[in-house]
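I have placed the structure first, in the form of structure tokens, so that the comments after it can refer back to it.
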Amino acid sequence: MEEDLKDIHRPQGEIVDPLDPEGYARRAAASAFPGETFRVLKEKELRQFGAYRTRRLVLEAWNRLK
């Protein structure tokens, strides 16, 4: 956990495409951070839609702001 928070903006921990589920899974598995903020929402959407829909929609909206 301490390593994750020491330099939260370090580029070596970032994934190229934030919508890539495999890249995100690799980064999450390598992290010592204790949990996810919206775990319950993520699990519900994975069951209902087969994908983490809110994450995709937020990232797409964020990219439009650039």
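The values are calculated or read from the model by the stated rules, or taken from the named source; none is laboratory data. All values reported here derive from a predicted model rather than from experimental measurement. Here the Cβ is made from the backbone with ideal geometry for all residues, glycine too, and neighbour counts use every protein chain on show.
Kindly list, by first and then second residue, each pair from a residue in the range 41-66 that is exposed (fewer than 12 other Cβ atoms within 10 Å of the Cβ) to a residue that is outside any helix (DSSP H, G or I), limited to pairs with Cβ atoms under 8 Å and residues at least 6 apart or on different chains.
Glu60/Leu19
Considering only the range 23-50, state which residues are modelled with pLDDT of 90 or more and among the small types (Gly, Ala, Ser).
Gly50
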